[in-house]
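One structure is given here, and the rest of the page talks about it.
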DNA sequence: CGACCTGTGAATATGGTGTGAACGCAGGCA
DNA sequence: TGCCTGCGTTCACACCATATTCACAGGTCG
């Protein structure tokens, strides 16, 4: 199980992410991104790594897909768990998932 | 691995410096400087050496970049590890990194 | 068609960077 | 000891790079 210690429970095999047992309505991309991040808690992942896992291949040099989906993910997570800060930005590098904020 | 003996664990390849497993939020420059210092523990490094490694080239004669970034690094390290004195000043020469304070 | 997902470009917001200046501390010397 | 001086430390700011968010057009699937 991924990140099941807090209120967030991610179940890749069931294509679901639950908050207090209640499923978030994430799109496929959003879930893929969340799963990828959550598979490496506390690890700073570059945009290239995230892109490779979720989209496959390499992003165009000016591709902002990862950023946009991080933004969408944060919006939905923030709505479900107000005040939570699960995804951290590392400027110039990438993003990091921290299960406990 | 660099300086992994204490609470501080520096991982240049992961763009990260961990304290008790949790990444510090360092900027790219700050991390570069920390890595450079930590690559030569107990060795006094001159400003010129540090500048050459982190910024490349030679600093202007009155350049204070190294000092400023040492200060910023100390602030963040001190917040994460209260009481720690990892970076030592050597007056008129430069700085020295000591993994165990 | 309608509802939604997706990726892109563009506007906005945020944070990093280097510089100059003010401040503080330590060492030298009378 | 007390002052002076040089160096190190920190602050404040302007500029620039990067991240965030918004709006939209094309695609998909019912």
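Listing for the model above:
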| read-out | value |
| --- | --- |
| Count of segment A:77-90 residues which are under 12 Å from residue A:8 (Cα atoms) and within 10 Å of the chain's Cα centre (by Cα) | 2 |
| Search result, residues across segment A:46-97 that are in a loop (DSSP other than H, G, I, E, B), touching a residue at least 40 places away in the same chain (Cβ under 8 Å) and within 11 Å of DNA strand D (Cβ to nearest atom) | A:93 |
| Any hit, segment A:49-65, residues being within 30 Å of residue B:29 (Cα to Cα) and within 14 Å of chain B (Cβ to nearest Cβ) | yes |
| Leading residue by the ranking (nearest to residue B:53 (Cα to Cα)) among those in segment B:28-39 that are out of contact with any strand residue (DSSP E or B) (no Cβ under 7 Å at 6 or more places or on another chain) and touching a residue at least 24 places away in the same chain (Cβ under 8 Å) | B:33 |
| Search result, residues across segment A:8-39 that are loosely packed, with under 15 Cβ neighbours inside 10 Å and either over 13 Å from the mean Cα position of the chain (by Cα) or closer than 19 Å to residue A:96 by Cβ (or both) | A:13, A:14, A:15, A:20, A:21, A:22, A:23, A:25 |
| Selection from segment B:77-101 of residues that are loosely packed, with under 11 Cβ neighbours inside 10 Å and within 11 Å of DNA strand C (Cβ to nearest atom) | B:91, B:92 |
| Matching entry among A:64, A:74, A:60 (being more than 10 Å from DNA strand C (Cβ to nearest atom) and closer than 30 Å to residue B:12 by Cα) | A:74 |
| Residue in segment B:62-73 that is surrounded by 16 or more Cβ atoms within 10 Å (Cβ to Cβ), in contact with a strand residue (DSSP E or B) (Cβ under 9 Å, 6 or more places away or on another chain) and within 29 Å of residue A:87 (Cβ to Cβ) present | yes |
| Residue in segment B:3-18 that is away from chain A (no Cβ under 14 Å), in contact with a helix residue (DSSP H, G or I) (Cβ under 9 Å, 6 or more places away or on another chain) and not in a strand (DSSP E or B) present | yes |
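Read the figures in this text as sums done on the coordinates, not as results from a lab. Computed from a predicted model, the values in this text were never measured in an experiment. Glycine also receives a Cβ, built like all others from the backbone with ideal geometry; neighbour counts cover every protein chain displayed.
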